[in-house]
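Novice: To start, I am sharing the structure in question, which I have written as C-alpha cells.
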Amino acid sequence: MESIHRVHFNNAKKMRQVADATVALMVTSPPYPMIEMWDEAFIRADRSVEKALAQGRGMDAFERMHRTLDPVWAEVHRVLAPGGIACVNIGDATRTLKDTFTLYPNHARILTALLAMGFRPLPEILWRKQTNAPNKFMGSGMMPPGAYVTLEHEHILIVRKGDKREFLRPSEKQNRRESAYFWEERNQWFSDVWMDLKGTRQRLDDNETRKRSAAYPFEVPYRLINMFSVKGDLVLDPFLGTGTTLAAAMAAGRNSVGYELSREFLPVIHSRLETIVPFSNERITGRLTDHMNFVIQRQREKGSLKHRNAPYGFPVVTRQEAHLLINALEGVALQDDTTLRVTYSDTPQADYVLASEPSTPAPGKPKMQGQKKKGASIPRYTQQSILEE
C-alpha cells in the first residue's frame, strides 16, 4: 500500500491539475475574513477591501473578503465526486472599526455560499477551544448592556455533494470495512461538540510556524479524514498552509493534493520527511492502546464483547469493526520538489495481535509481548486481561 501527496503553488480558484469529480473529501481551514492577520492577503486579492476597512465599512469589507473565497468553493464543488464531502474549519470574527464593535459571522456566510452552489448541509461540529484565561471578557465587564459574549469556539461546517456515496464492487466494500474506526472513537468523533483537542499527543509544527500560518492542530483533519473517507481516497486542501491536512492524509493512508499561494511553506512541507513516519505511528499506537484500555474497562463493567477483529484478534463492540486495520507507515520519499510518496505496512502491528485463545506463557515472560518502542509507550497487556477480563 502507498499514497501520493502533491502540492501546487497556485491559486485554488482554478485547480487545473484536479479533474472533475475525482476528490472524495475536502478538508480545509481558509483565511478568516475580518481577522487582522489575514487583512493583507484579502487586500492583495481585492484592493477595495483596504478602502472599506479604512472608512470603517466593516460589513462591506466582510462581504468583499468572502467574494474572494467564493470561487474556491465553486472549484471544490467541481472536483468533488458524487457523494463527496467538504469540511470547512472556520471561526467567526469580532472587530472594532471607527469605535463600532461588530461580530462578523464567517461560518454563516460560507455556509450560505456552499448551499447556493448546490451542496447539501450535514450536522456541523463546534470545536470548543479550551482557554487558560477563563475570566477573560469583551466590552464593559460587569456593566450591562455593554459587555459581549466571548468567542471560544470555531465551526467545522460539513456539506455533501449530492446523495450518499455508494460502494458497489466487492473490493470497494472490503476497503471500506478495513477503513472502519472503533466504536468508542465513533462516539467521541461524531459528537457535535469537540472539547478534547487541547491534549493531543504531539504537535507536528513548531509554535512559530503555527502562529504565522494559524494552522489547525493535526487532530482536526486526522479525525475528519478518518470519518469521511476510506483508504486510497483523494483528499483536497485548497488552503494548504504548512501542510497539516497533507500530513493527516499521510497518517490515514489517503492520497492528497493541496494548493497554496506562498512557497515559503515548502521547507515546512519537506520537513514531513523527517517527522511523519514516527509521528503517525505514535498516533496509530495511541489509537490501538486506547482501544485496549477501552476493552479491559468495558469487559470489567459489562462482560465479554461479542465480536472480534480479524486482523488483530482483539475484541470489538460491533461487527463493523471486524476487519478494521490501521496501516503503520514504513517510509516517505520526495519524488520531486512538490510530490511525496508514503509506503505502508499491510499487516497489523505485532504488539497488538492477539491469539484467538489464551496461551500459556513461558516462565517469567508476559503472556503478550508488548514492548516499549522509541517515541511511544505501549502497555504490557496480557491475553488473559484482554480475552478473559
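Novice: Here are Ile284, Ile269: which of them is at pLDDT below 90 and outside the structural domain of Gln188 (by TED's automatic domain parsing)?
Specialist: Result: Ile269 is the single residue among Ile284, Ile269 that is at pLDDT below 90 and outside the structural domain of Gln188 (by TED's automatic domain parsing).
Novice: Any residue at all in the range 226-240 that is farther than 20 Å from Ile85 by Cβ, assigned by TED's automatic domain parsing to the domain that holds Glu75, modelled with pLDDT of 95 or more and not in a helix (DSSP H, G or I)?
Specialist: Scanning the range 226-240 turns up no residue that is farther than 20 Å from Ile85 by Cβ, assigned by TED's automatic domain parsing to the domain that holds Glu75, modelled with pLDDT of 95 or more and not in a helix (DSSP H, G or I).
Novice: Sort out which residues of the range 322-343 are touching a Gly at 6+ places or on another chain (Cβ under 9 Å) and within 29 Å of Trp183 (Cβ to Cβ), and write them in order of number.
Specialist: Ile326, Asn327, Leu329, Val342 - these are the residues of the range 322-343 that are touching a Gly at 6+ places or on another chain (Cβ under 9 Å) and within 29 Å of Trp183 (Cβ to Cβ).
Novice: For Arg186, work out the one condition from (1) closer than 21 Å to Gly241 by Cβ; (2) at pLDDT 95 or above it doesn't fulfil.
Specialist: Answer for Arg186: the failing condition is (1).
Novice: Moving on to the next point. Search the range 307-346 for residues being touching a Pro at 6+ places or on another chain (Cβ under 8 Å) and in a loop (DSSP other than H, G, I, E, B), and hand back the single one that is farthest from Met1 (Cα to Cα).
Specialist: The selected residue is Asn309.
Novice: Right, something else. Has the range 41-53 got any residue that is without any contact (Cβ under 8 Å) to a residue 40 or more places away in the chain, of a type outside the set (A, V, I, L, M) and in contact with a strand residue (DSSP E or B) (Cβ under 8 Å, 6 or more places away or on another chain)?
Specialist: no
Novice: For Leu25, indicate whether it is among the aliphatic types (A, V, I, L, M), part of a helix (DSSP H, G or I) and assigned by TED's automatic domain parsing to the domain that holds Phe228.
Specialist: Answer is no for this residue.
Novice: Here is a further query. Any idea which residue in the range 54-69 is nearest to Lys98 (Cα to Cα), counting only those that are buried (at least 20 other Cβ atoms within 10 Å of the Cβ) and touching a strand residue (DSSP E or B) at 6+ places or on another chain (Cβ under 6 Å)?
Specialist: Gly58
Novice: Answer yes or no as to whether Gly84 is at pLDDT 95 or above, more than 18 Å from Leu261 (Cβ to Cβ) and assigned to a loop (DSSP other than H, G, I, E, B).
Specialist: No; evaluated as a whole, the condition is false for this residue.
Novice: Next question. Using the structure shown, decide if Ile296 is out of contact with any strand residue (DSSP E or B) (no Cβ under 7 Å at 6 or more places or on another chain), assigned to a helix (DSSP H, G or I) and modelled with pLDDT of 95 or more.
Specialist: Taking the combined requirement at face value, the residue does not satisfy it.
Novice: Between residues in the range 104-116 that are in contact (Cβ under 8 Å) with a residue 12 or more places away in the chain and under 14 Å from Tyr32 (Cα atoms) and residues that are of a type in the set (Gly, Ala, Ser) and in a helix (DSSP H, G or I), which pairs lie under 8 Å by C-beta distance while being six or more apart or on different chains?
Specialist: Filtered contacts from the range 104-116: Tyr104/Gly58.
The values are calculated or read from the model by the stated rules, or taken from the named source; none is laboratory data. Computed from a predicted model, the values in this text were never measured in an experiment. For neighbour counting, all protein chains shown are included, and Cβ atoms are generated from backbone atoms with ideal geometry for every residue, glycine included.
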